[in-house]
Amino acid sequence: MTTFRFTLNRAPVEVDVPGMRRLLDVLRENLAMTGTKEGCGEGECGACTVLLDGLPVDSCLVPVCQVEGATVATIEGLAPGEWALDPLQTAFLETGGAQCGICTPGMLMAARAYLDAGGGTDEDAIRDAIAGNLCRCTGYTKIVEAIALAASTPGSQRAVGGAQDGADE
């Protein structure tokens, strides 16, 4: 066992686990961040997408040793406060972008990275940004609409879990 220290959803954490333990398992089993879902366990579906230093990664493919000193954001850290929603979450609610919910956390995190990188309302660009996230319930239309709606919402571009995190504490 080794102690790994990183920032999780704007708070410092440390865990004593084997270095090759999957970040997904550490998040869910050691840190109670169960919003991150395991779909395929092979990096194919995107359900386990989290932001690692602001970039979307499949947490099922990342050993925890690679997050030492890094910043990780999960779906639990997406909202800027306890009683507030991220503009993406609001947009998903307004457009019906979520159905069964398995892909939703990963979709939201991939979409957050897209918006934080300056992404806009272009449908093709949005589809490219979420291409690594599979949804079995929809034809992606409502998801794309939700991301475009959020992109057109003032204040929707903010770094969540990145080095320049400007979210409210």
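Here are some notes:
- Note on ALA131 and GLN66: the model spin-label points, each 7 Å out from Cα along the C-beta direction, lie 2.0 nm apart.
- Charge dipole magnitude, Cβ of K and R +1, D and E -1 - the chain, Cα centre, debye nearest 20: 220
- Counting only alpha carbon atoms, the long axis of helix 141-151 and the longest principal axis of the chain meet at about 80°.
- Dipole magnitude of the stretch 10-49 about its Cα centre (Cβ charges: Lys, Arg +1; Asp, Glu -1), debye to nearest 20: 140
- Cleavage-rule hits, trypsin sites (Lys or Arg not before Pro), the stretch 1-100, DSSP coil, Cβ neighbours within 10 Å at most 16: ARG10
- Rounded if a/c under 1.5, otherwise prolate or oblate - the chain, Cα gyration tensor axes: prolate
- Rounded to the nearest 10 degrees, the inclination of helix 104-116 to the longest alpha-carbon principal axis of the chain is 80 degrees.
- The slack between GLU123 and GLU42, meaning 0.36 nm per residue of separation minus the straight C-alpha distance, is 26.4 nm.
- Rounded percent of accessible protein surface that carbon and sulfur make up, the stretch 1-76, 1.4 Å probe: 49
- Cα centroid separation - the stretch 1-28 against the stretch 41-114, whole Å: 17
- Averaged per residue, the stretch 93-153 has 47 square angstrom of accessible surface, using a 1.4 angstrom probe with ligands and nucleic acids left out.
- DSSP bridge orientation in the chain - percent antiparallel, rounded to nearest 5: 90
The values are calculated or read from the model by the stated rules, or taken from the named source; none is laboratory data. Model, not experiment: these values are computed from the prediction. Counting neighbours? That spans all protein chains shown, and the Cβs are built from the backbone with ideal geometry, glycine included. We work out accessible area using only protein heavy atoms, side chains counted, and drop any ligands, DNA or RNA first. Shrake-Rupley method; radii C 1.70, N 1.55, O 1.52, S 1.80 Å.
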